[in-house]
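Beneath this line is the structure, given in structure tokens, with notes to follow.
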Amino acid sequence: MLQILRSDKTVRWTLFGFFVLAVTGNFMPTWVQNNLMFGMARGLAVLGLMVLWRTGLISFGHALYFGIGAYAVALADKHFGISDIFLRLFLAMGTAGFVGLCLGFILRKYRSIFFAMLSLAFSMVLYGVLVKVEALGSTDGFSVSATSILGWVPESKYTLFCAIIVASAVSACMVQYYLKTGLGALTTAIRDNELRVEYLGYSVAQAIHFKYVISAALAGASGAMMAMALGQVDPDSMVNWTVSGELVFITVMAGPGSVIAPFIGGVVFEFLRTYAFELAPHAWQLIVGGTLLAIIFFLPMGLWSLLERIWVRKGSSS
Amino acid sequence: MHKQFAYKVLRSAAIASAVAAAAMTGATAQAKDTIKVGVVSFLTGPAAGPFGVPGKNGAELIIHAINKGELPAPYNTKGFAGATMDPVYTDEAGGNSKQVAEYRNLVEKQNVDALIGYISSGSCMAMAPVAEELQMLTIMSVCGTPRLFEEKLRSVVFRTQGNAVGDSIAAARYMTEMFPDLKTYTGINQNYAWGQDSWKFYSLAMEKLDPASKASSNPQFPKIFSGQYSAEISTLSLDKAEVVHSSFWDGDIEAFVLQALVRGFFEDKKFVSVVGASAVDSLGKKFPKGVVMGTRGPYGLLTRFDRSRALNNWFVDAYKARYGVYPTGPSYQYAKAVLYYKLGMDKAAAMAGKFPTQDEVVAALKGMEFESFGGSVKMALGGGHQAIHEVGYGITTWDKEKKAPSATDVKFYSAECINPPEGTLAADWLAQGMPGAKC
Amino acid sequence: MQLLITIFLDGLTYASYLFIVSVGLTIVFGVLKILNVAHGAFYAWGAYAAAYAITYAADMEYADWIGFVCIFLAAAAVGVVLGMIIERVILRHMYAQDEVLIALATFGIFLILEDVILLVFGVNPYFAYQPMALLGRIPVGGISRDVYSFTLMALACIVAFGCWWGLTKTKWGKLISVVIYDREISQAMGINVSMVYLIVFVIGAGLGALGGAYVAPTLSVAPGFGIDVIVLSFAVVVIGGMGSIPGALIGALMVGILRAVAVHKMPELELFVVFAVMAGVLIIRPEGLFAPAKARTI
């Protein structure tokens, strides 16, 4: 595995890019750090969605796992006082992954619109429960206390910032590794022609199931990181179908080109949102919707394809 | 070639962050003649019209007056410890997570000196931990959940508005005094902290004040901002209970009243509205008469044409002149919070002999007692951070001469009558039968 | 007994407006094969347009019954104007693309339309109660109900009948059925499929708007209005079968009555039951309970 990773160009650039970010992050104002944290946290979920998209599936219900991750952290904090980052991540990813495993048995048989609708239905089931049940916070949600690392409670948010960077970098590399293996390479093959993949001897349903569980765990981690960075969870910001819509938007905007793309997309989205709110608080949904349409029409392979084009041009000119 | 590119990236990143750091340090130097304060209220959505905008207007009016030193004596000194306030009006809408992000933005990007506001109990509960984390002075002006200080004491969070305990106990006392024959009650409250707490404390109080009273087994808790209550109205109509308690505020109370009015709801049930006066003002003559209405304190409908005092008279006249309508509860509540901040700043400046630090202001604000527009406010609970004041109820009617909505049989209950003593949880105090209540 | 009648009537009221909204969605899916997320925006626009018109008429002191005229005018205007703009400008270029991609594009349109509402109608809620107040109340099952909800049920029946009659008895209806069955062959036979698509989309939009417009007097029309309704219409359409009008009727009845039962008996489960049933139907019978028979193309 290390052999593959060391030789892979994307992995090297990813690690380098994140390292630079971690170092420069120390000098950035806190609000920039916050936005970067939120953007990268979302990028984790989008990474999982991107894997599904390469398989030809779009899930309109990933807010389910995002919410499970976030609420797992919040509830563990409220009832058991768990504040350690490793425990929290483990809980979040574990719960989300487990739910993904169970639901995956059902979902792996569906395609296109039905897959989207069924995943939407499951996420709205959770939303309905959270909103109505008082013990789960109803529409208020919960606050999340500060995160500790193996007993030490850090002074500033910079530690959490680095932790999120590490998590993102590790996930990106792991997914890249997966995509390079035999089963991972099947991803786009399944999108193109399922029947042929079956003839080759692979089980499409199992492959999709596996990818689904990965994306669920990643979304769970993403929700957990978001909860830790923000300090608050509530159903409308984390489980409602509009959250799934946002994640899908970032997926489409970033494009399926590379494992770094989701994180770039997430960060761009976060800064876009901050500035849109300041400049035009009643028009930011318009901006998101317009951007989505523009991307679907003019840049269907997302922002990453734009970046690739620039680099290729640079490469060929030098 | 890769190395060259890498160097380029690293260099530009270093330059960029250095520039950013320089820009940031320049902006945080504390000025002594202006202070920047975030004022947060609902500027969009169903809560804006009845609550958010009047609140913002109340704050705006009094900030303007204080900056110029135009308040009646003894508040006519200029500014906040001499400094002019530059308010940053922010929208409270969008959910708690969004508000937390906004709060961090205001503190870390816009570098405010303090925050005043917050209407929804959900917002207050979500902001308090963040305020404590960032150690930013926050004066909460409206929200009503007692959990804010009962769950945990706070060091930099204050609230100038009494909580749901006082509102609910006053309502229960009013009902048992005015309508002792109505024994059964039910409720429709929004399903979040404020609604849940209002119902809880109303039932606890009723249980103690009239042991023969009976709560319905099916009180309604629709989602906040739902706007559609036909099924809930059907359920309430079927319920045998004679009294319906509701802590609905914002656009929900207007929607509920309109939908219930068509179905003759108010002819069959006695409606107790803890804070629905905004609907009275907007619906005017259409608002049903005979509703038991509260305003969460000496404001608006219950004190509009009484309570002649210099500050109240000035406020009512100035507000009407500037905005064309009379001030309502939220207008008073926001103005009160700003006034409190001024008093704290002035007191701290006098004690320190210079422009006060945040710690000095916090120490000055703690436990303060001051004369507000309609009555006095004592920061008596929550370690000196939670206000108590009188709360009143009245019965809605239409005044034909003044051609305005009005209230009859107005009764006020003093702060010590409806609030537990410092250090006792409200639920416990009620369970013990409210020992030491001075009514 | 009173409780049963009340629950039933509450459920029917709810089902009626859900049906009117969802039938537009299901028709558009059946003919154009598009899952139109922007349908929620048609609902919201219809409600806002009607509420605005009604409150304007009330301010101008017109008779209260003018409010009803406002409702139908508003729905028609929204359907025609918005429907035509969206279909011609955006959707027409996308018919060849993947279904899910089109759904995403309609999601983008939904977001745009939601914000345009804020810009056009402002951020405060509208209370256009006049038509509802005009019709007064009637005692049924031990409580007073508003007569308006019964007219809503009547409207739903008219819409259902209208759709059935339109599809089976008129020339255009037969053309639409043919296009549903096989688009390529219809085009080869000389049917102007492009025009059929436009007309169907406009009708679907108009029905969505009608649902919103007729319901506007019974509630507070505020920003964020379309968000909850769109997922509920998805649930209805999925349960009944995408593309099936009787399916939309059954789906709406199921969702409406389930929700009414939940509100009266187990309020915590109100939203949960609807989506649980939706998930259940998708698992057991993904095409829905009443899916139209599809020819299998190779």
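The per residue volume of the convex hull around the alpha-carbon atoms of region B:77-195 is 144 Å³. From its DSSP helices (H runs of at least four residues, each -39,500 (n - 2.57)), chain B gives a residue-normalised ellipticity at 222 nm of -14000 deg cm²/dmol.
For A:Trp152, A:Trp53, A:Trp13, the sequence from fewest to most other C-beta atoms within 10 Å is A:Trp152, A:Trp13, A:Trp53. If the elastic network links every pair of Cα atoms under 10 Å, which of A:Val259, A:Val166, A:Val243 fluctuates the most in the Gaussian network model of chain A? Among A:Val259, A:Val166, A:Val243, the largest mean-square fluctuation in the Gaussian network model of chain A belongs to A:Val166.
Convex hull volume per residue, computed on the Cα atoms of region B:134-231, equals 131 Å³.
Here A:Ser7, A:Ser258, A:Ser59, B:Ser168 are placed in order of increasing Cβ neighbour count within 10 Å, fewest first, which gives A:Ser7, A:Ser258, A:Ser59, B:Ser168. The local environment of A:Gly67, defined by Cβ-Cβ distances under 14 Å, has a net charge of -2 under the rule Lys, Arg +1 and Asp, Glu -1. P(r) tail for region C:208-288: Cα pairs beyond 23 Å make up 24% of the total.
The Cβ shell under 15 Å around C:Tyr148 holds other residues with a net charge of 0, Lys and Arg each +1, Asp and Glu each -1.
Let me know the shape class of region B:161-300, please: from the alpha-carbon gyration tensor, a ≥ b ≥ c as square roots of the eigenvalues, rounded when a/c is under 1.5, otherwise prolate if a/b is greater than b/c, or oblate. Judged from the Cα gyration tensor, region B:161-300 comes out rounded (a/c under 1.5). Inter-label distance, C:Val120 to A:Arg191: 3.6 nm, where each label sits 7 Å from its Cα along the C-beta direction. Which percentage, to the nearest 5, of the DSSP beta bridges contained in chain B is antiparallel? If I count the DSSP bridges inside chain B, around 35 percent turn out antiparallel. Within region A:51-199, the proportion of C-alpha pairs whose separation exceeds 21 Å stands at 57%.
Applying the criteria of a DSSP loop state and at most 15 other Cβ atoms within 10 Å to the trypsin sites (Lys or Arg not before Pro) of region C:34-137 yields no site.
Here the spin labels are modelled as points 7 Å beyond Cα on the Cα-Cβ line, and at C:Arg285 and B:Ser155 they lie 6.4 nm apart.
Among the DSSP helices (H) of chain A, those spanning at least 27 angstrom by Cα along their long axis with an average Kyte-Doolittle hydropathy of -1.0 or more are A:30-54, A:85-107, A:112-132, A:158-180, A:204-230; this is a geometric and hydropathy rule only. Within region A:163-269, none of the trypsin sites (Lys or Arg not before Pro) combine a DSSP coil assignment with at most 10 other C-beta atoms in a 10 angstrom radius.
Specify whether the C-alpha gyration tensor of region B:299-439 places it in the rounded, prolate or oblate class, a ≥ b ≥ c being the square roots of the eigenvalues: rounded for a/c under 1.5, otherwise prolate if a/b is larger than b/c and oblate if not. Oblate, since a/c reaches 1.5 and b/c is not below a/b. Applying 1/(1 + (r/R0)^6) with r as the Cβ-Cβ distance of C:Gln187 and C:Phe72 and R0 = 30 angstrom yields a FRET efficiency of 0.30. Rounded to two decimals, the Cα-based Rg/Rh of region C:24-225, with Kirkwood Rh, is 1.02. Panel order for A:Tyr71, C:Tyr148, by other beta carbons found within 10 Å of each beta carbon, from fewest to most: C:Tyr148, A:Tyr71. Relative to the longest principal axis of the Cα atoms of chain C, the long axis of helix C:39-59 lies at roughly 40 degrees.
Taking 0.36 nm per residue of separation and subtracting the current Cα-Cα distance, fully stretching the chain between A:Trp13 and A:Ser156 would add 48.7 nm. Note on A:Glu198 and C:Trp172: the model spin-label points, each 7 Å out from Cα along the C-beta direction, lie 4.3 nm apart. Averaging Cα coordinates gives a centre for region A:219-252 and one for region C:140-185; these two points are 39 Å apart. GNM on chain B, alpha-carbon springs under 10 angstrom: the most fluctuating residue among B:His245, B:His389, B:His64 is B:His64. With both residues required to sit in the protein assembly as shown, DSSP beta bridges show an antiparallel share near 45%.
Give, as ranges by residue number, the residues of region C:43-67 whose backbone N falls under 16 Å from the point 7 Å along Cα→Cβ of B:Lys285. Under cut-off, by backbone N: C:58-64. Beyond 39 Å, the tail of the calculated P(r) for chain B holds 22 percent of the Cα pairs. If you take all other residues with their beta carbon under 15 Å from the beta carbon of B:Glu70, and give Lys and Arg +1 and Asp and Glu -1, the sum is +2.
Here region A:216-318 is treated as a Stokes sphere of Kirkwood radius computed over C-alpha pairs; at 37 °C and 0.692 mPa s its diffusion coefficient rounds to 217 µm²/s.
Considering only A:Phe114, A:Phe38, A:Phe249, the Gaussian network model of chain A with Cα springs below 10 Å gives its largest mean-square fluctuation to A:Phe114. Relative contact order of region C:24-225, taken over Cα pairs closer than 8 Å and 6 or more residues apart, is 45 percent. Under the combined filter of DSSP loop state and at most 14 neighbouring Cβ atoms within 10 Å, region B:352-418 retains these GluC sites (Glu not before Pro): B:Glu401. The separation of region A:52-95 from region B:316-371, counted between C-alpha centres, amounts to 43 Å. Is the shape of chain A rounded, prolate or oblate, going by the alpha carbon gyration tensor and its root eigenvalues a ≥ b ≥ c, with a/c under 1.5 for rounded and a/b larger than b/c for prolate? Since a/c stays below 1.5, the shape of chain A is classed as rounded. Compute the projected area of the convex hull of the Cα atoms of the protein assembly as shown, averaged over all viewing directions, and report it in nm² to one decimal place. So the mean shadow area of the Cα hull is 43.9 nm².
Values in this text are rule-based calculations from the coordinates and carry no lab data. Quick caveat, the model's predicted, so the values are computed rather than measured. Ideal geometry is used to build each Cβ from the backbone, glycine not excepted, and the neighbour counts take in all protein chains shown.
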